[in-house]
Amino acid sequence: MTRDSLTTTQALPKVTRAKGSYLWDATGKRYIDGSGGPAVYCLGHAHDEVNEAVFAQMRDIAHGYRYNFTTDALEELTQVLRDRTGMAEMVFVSSGSEAVESCLKIALQYHTARGEKTRRRFISRERSWHGNTLGALGLSGFAERTLAYEGAFIPSIKLSPANDYRPLGPDNAAACAAELEAAILKAGPETIAGFVFEPVVGAAGGCVPAPAGYAALVREICDRYGVLMIADEVMCGAGRTGTWSALQHDGVTPDIMSIAKGLAAGYVPLGAALCTAKVWEPIRAADGAFGTGHTFTGHTAACAAALAVQRIITRDGLLPRVAENGGLLKAWLGAALADVEFIGDIRGRGHFICAELVENRATKAPFDPSRKLFLKIRARAMENGLICYPVGGNVDGKRGDIVILAPPYNATEAELVEIVDKTVRSIREVLALERIG
Ligand code: PMP
C-alpha cells in the first residue's frame, strides 16, 4: 500500500504562520498555497473577517450542544445552505468522511421509513474517494488506500471510472450510464439503496469532470429504479468548481449530497449531509429526525466560520471569478507544458485543475508506480516554495501520476501565475532528474 496522502514523516517543515495565499515555516521560508492543502482553504489563510466571526462566536459560546439548544449560527447557516442548494434538511458534522457516512445513513433511514428494508447496498465507481471511515472507505475506488481493509466493508458494487480521458465508449456519458443501469438490474433494484459519486472526481481521479450529459442520465436511471442519487461534493463542492455545488453546472439536483472542505474553508472543521424534501419527508413522518449525529454536530463556532466564509464568497463575487479563472489556469498550464510529451491530460473546472502524467501519451499507460513520481513532484514543489497536491500510487493502472491545483478563490492573478510557474518548474525538474524524456 502506498501511503500517498498519509505522510507522517519526520522531514516535514514546521509551519508557523500564514496570510492569504502564503505560508511560512519555522525557518522563515515562504510557500505559496497552490492547492489549499487538499482543496480546503478557499479563502486563503488568516482571513481577518472569518477569524473575527469565529472569535466573536467563541466569546459568546463555542458550542451549543444539539440535544439542549439551537443557535443563531446553526439556524442561519441552515438557511444559507437551503438557499444555495435547494435541499430541505441537513445534518452538520466535523469532516468529509462523516458527511459521506451520514449520507449513507440518511439513505438507509429513508428506505426503512418507506418499508423498503431490502435496499441496503450502494453502487460507486472505481477511482473515487469518499473518505476514511469504514463505510465511506468501502465505497471508495482507491485501491492504494482500501486494500488493507478489504473484507470489512459494507457490500457495494464498483463501476468503471467515468472519465473522458479514458472513455468507456464513443458516447462516454451513455456508456457510463448504461453500466450503472446494468449493475442495478443485475443486483435487483430492490436491493440498491443509492448510487454514490463525485460530480467532479477529486484525489482518486484527478479533477475529472463528469462527461457532458452523464449526470442527467444518472438522475433518470436513479428515478426509474428508486435508487437515491448521492453526490459526494466534499472536495468539488462549496464553490470550488465555480458553481456553488458542482452538479449545478450539469443542471441536476441529487437526492442527498455531502459537503465539507470549502464550507468553513478550514478555519474550523465542518461538513454536512443534505437531502431534498423527497428524502426528508418520509424520515420526518416515520422518525421525526435523522438517526445520525455526533457530539459536535452543528458546532457553533464552525457554523459561525462557515457563515462568514459564505458571506464573503457572495459579497466579493468569487464564484464567477473562480469559474473564469479555471479556463485561464488550464490554458496557462497547457501552454507551459505543451512540449512535455509525458503530460497526458490537463483537465478540471474552476479552481480545481489537474495535470496527469503518463509514460506513453498514445496508450495513456501510467509510469511504473514504484517510481513514485508524484511524491518526488510534491517534494520538489516544497523545495520550490509551492504547496500543490500530487497523488499517485496507481496500483490498478487506471490513472497516471496527477498534480492537483486548487488555489484560494480570492487568489490574485499574480498569485495564480506564480502557482502555475512553480508547478511547471517542479514537474520539469523532476522529469529531468529522473532522466525522463
Ligand atoms: N469525499 C471526498 C470526495 C473527498 O475528497 C474527501 C477527502 N479528500 C472525503 C470524502 C473525506 O473527507 P475527510 O478527509 O474530511 O474525512
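The values are calculated or read from the model by the stated rules, or taken from the named source; none is laboratory data. As the structure is a prediction and not an experimental result, all values here were calculated from the model. Cβ atoms come from the backbone with ideal geometry, glycine included; neighbour counts cover every protein chain shown. The protein model used for the area step is the full one, side chains on, heavy atoms only, and it has no ligands, DNA or RNA in it. Shrake-Rupley method; radii C 1.70, N 1.55, O 1.52, S 1.80 Å.
Data table
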{"read-out": "The stretch 21-44 residues that are within 16 Å of the ligand (Cβ to nearest atom), paired with ones that are modelled with pLDDT under 95 and open to solvent by 20 Å² or more (accessible area, probe 1.4 Å) (beta carbon under 9 Å, 6 or more apart)", "value": "P38/S5"}
{"read-out": "Residues of the stretch 248-297 classified as more than 21 Å from the chain's Cα centre (by Cα) and in a loop (DSSP other than H, G, I, E, B), total", "value": "9"}
{"read-out": "Residue match in the stretch 424-437 (condition: within 22 Å of the chain's Cα centre (by Cα), modelled with pLDDT of 95 or more and hydrophobic (A, V, I, L, M, F, W, C))", "value": "no"}
{"read-out": "Extreme residue, most open to solvent (accessible area, probe 1.4 Å), among residues of the stretch 227-279 that are among the polar types (S, T, N, Q) and either under 15 Å from C207 (Cβ atoms) or in contact (Cβ under 8 Å) with a residue 12 or more places away in the chain (or both)", "value": "T253"}
{"read-out": "Residue selected from the stretch 120-133 under the condition over 19 Å from A107 (Cα atoms) and open to solvent by less than 50 Å² (accessible area, probe 1.4 Å), by the criterion farthest from the ligand (Cβ to nearest atom)", "value": "R127"}
{"read-out": "Check on A305, within 16 Å of the ligand (Cβ to nearest atom) and in a helix (DSSP H, G or I)", "value": "yes"}
{"read-out": "Among the candidates E220, E144, E181, residue that is open to solvent by 50 Å² or more (accessible area, probe 1.4 Å) and either closer than 23 Å to A273 by Cα or in a helix (DSSP H, G or I) (or both)", "value": "E220"}
{"read-out": "Condition met for Y165 (open to solvent by 10 Å² or more (accessible area, probe 1.4 Å), among the aromatic types (F, W, Y) and either away from the ligand (no atom under 16 Å from the Cβ) or touching a residue at least 60 places away in the same chain (Cβ under 8 Å) (or both))", "value": "yes"}
{"read-out": "Residues (assigned to a loop (DSSP other than H, G, I, E, B) and either within 16 Å of the ligand (Cβ to nearest atom) or crowded, with 19+ Cβ neighbours inside 10 Å (or both)) located in the stretch 45-63", "value": "H47"}
{"read-out": "In the stretch 80-119, the residues that are outside any helix (DSSP H, G or I), polar (S, T, N, Q) and within 16 Å of the ligand (Cβ to nearest atom)", "value": "S94, S95"}
